[in-house]
1. From the residues G225, A43, T268, which one has its Cα farthest along the dipole of the chain in the positive direction, the dipole being from +1 and -1 charges on Cβ of Lys/Arg and Asp/Glu about the Cα centre?
2. Distance between Cα centroids, the stretch 259-290 to the stretch 44-62: provide it in whole Å.
3. Could you tell me the calculated FRET efficiency between D19 and D162, based on Cβ-Cβ distance and R0 = 22 angstrom, to the nearest 0.05?
4. Using helices alone, what [θ] at 222 nm do you get for the chain, with -39,500 (n - 2.57) per DSSP H run of 4 or more residues, divided over all residues and rounded to the nearest 500?
5. Over the Cα atoms of the chain, what radius of gyration and what Dmax do you get, in Å?
6. Per the Kirkwood definition applied to all pairs of different Cα atoms, how many angstroms is the hydrodynamic radius of the stretch 29-95?
7. List every residue whose amide H lies under 5 Å from the amide H of L176, counting only residues 5 or more places away in sequence or on a different chain, with H placed 1.01 Å from N in the peptide plane.
8. What residues qualify as long-range amide H neighbours of V102, i.e. H under 5 Å apart, gap of 5 or more or another chain, H built at 1.01 Å from N?
Amino acid sequence: MTTGKPFQEVELPEQKPQDDHVLFPTVLSPNTSTNSTATELTAFEEAIKAHKPWLESLLLKSGAILFRGFPVVSPSDFNCVVEAFGFPELSYMGGAAPRTQVVGRVYTANESRLDKEIPFHHEMAYLPDPPTKLFFFCDEEPGMGGETPIVLSHIIYEKMKDKHPDFVAKMEEHGLMYTNIAGDNDDSSSHTGRSWKSVYKTDDKNIAEERAAKQGTKLKWMDNGVKIISSPLPAIRIEEESGRKTWFNSLASGYCGPATEKTGNHNTSVEVGNGDPVSDDVVKDLLKVLKEECVAIPWKKGDVLLVNNLMVLHSRRPLVKPPRRILVSLCK
Ligand code: FE2
């Protein structure tokens, strides 16, 4: 219970305690004694502005905050919430997921087939400047399934280092390189199925090459698309605040092999920065650890989930029963 604030911490059965007894994620609801945030969007916006430093410190401590029970009804309400936080907007230049703008800073979440899982990832970890924060909004509550599981990245690093110390040391030294084949047209069957024209916001190959080069990425043109090859990128990062190491990479979502046969892509691949392949056993263990450690809270209409993208990986479980409409906003 947080007194004196328009927010109160509530507990859900899915939350997991961290080492320092902080729950992951933090769940905030309107404070019942000062309950105008429960009925008026403007009161919620004002509360966010007034308590922004506190909310940011909570986000740093727990990694993610779920706002539940606030009057966020429409995509434009969600845009107002994002604006109230006032974090700078990130352009989706170079992003691989098919998504479209809904209103203001609000986009559809990945538009790939909802009955397919999206493996765990830090948003845009395959680019040099990924977003630091992500907002998700539940516009239409899933009929069944379709959760957005989240997991603390430093836990994944620790567990993987225990299981595969040599490989993790190699990743730390050389980083990882990602290859993504982007077609001439968007492909909704894949969660990285954005066409190169959408990825680089142009249909001019020279402009696409210039934009790719700015991100340290090379393009190799093919008959029906292009191979987008990243330079080696750090696969482990250090959280500034805590000094903890995080599993900051797209190995689980970019790897293509027997371990990811059911969930993976056919248009992406990952290798170690020195050109060594990634072993299937490593990925098998990685997927197991992610599954064991994650938290999946079923979406409720109006939920807003704020994720620290530097601390937390997210994924999407397959939708069992429609509908489901989750919207996102990415911040620098
Ligand atoms: Fe994502």
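FYI, it's all coordinate maths here, none of it is from the lab. What you see is a predicted model; the values in this text were computed from it and never measured. Using ideal geometry, Cβ is built from the backbone for each residue, glycine included, and neighbour counts are taken over all protein chains shown.
1. The residue sitting most towards the positive pole is G225.
2. Each part reduced to its Cα centre gives a spacing of 37 Å.
3. The calculated FRET efficiency here is 0.90.
4. -7500 deg cm²/dmol
5. Considering the chain through its Cα atoms, Rg and Dmax are 19.6, 63 Å.
6. Result for the stretch 29-95 stands at 13.0 Å.
7. Hits under the 5 Å cutoff: L233, A235, G273.
8. For V102, the qualifying residues are Y107, T108.
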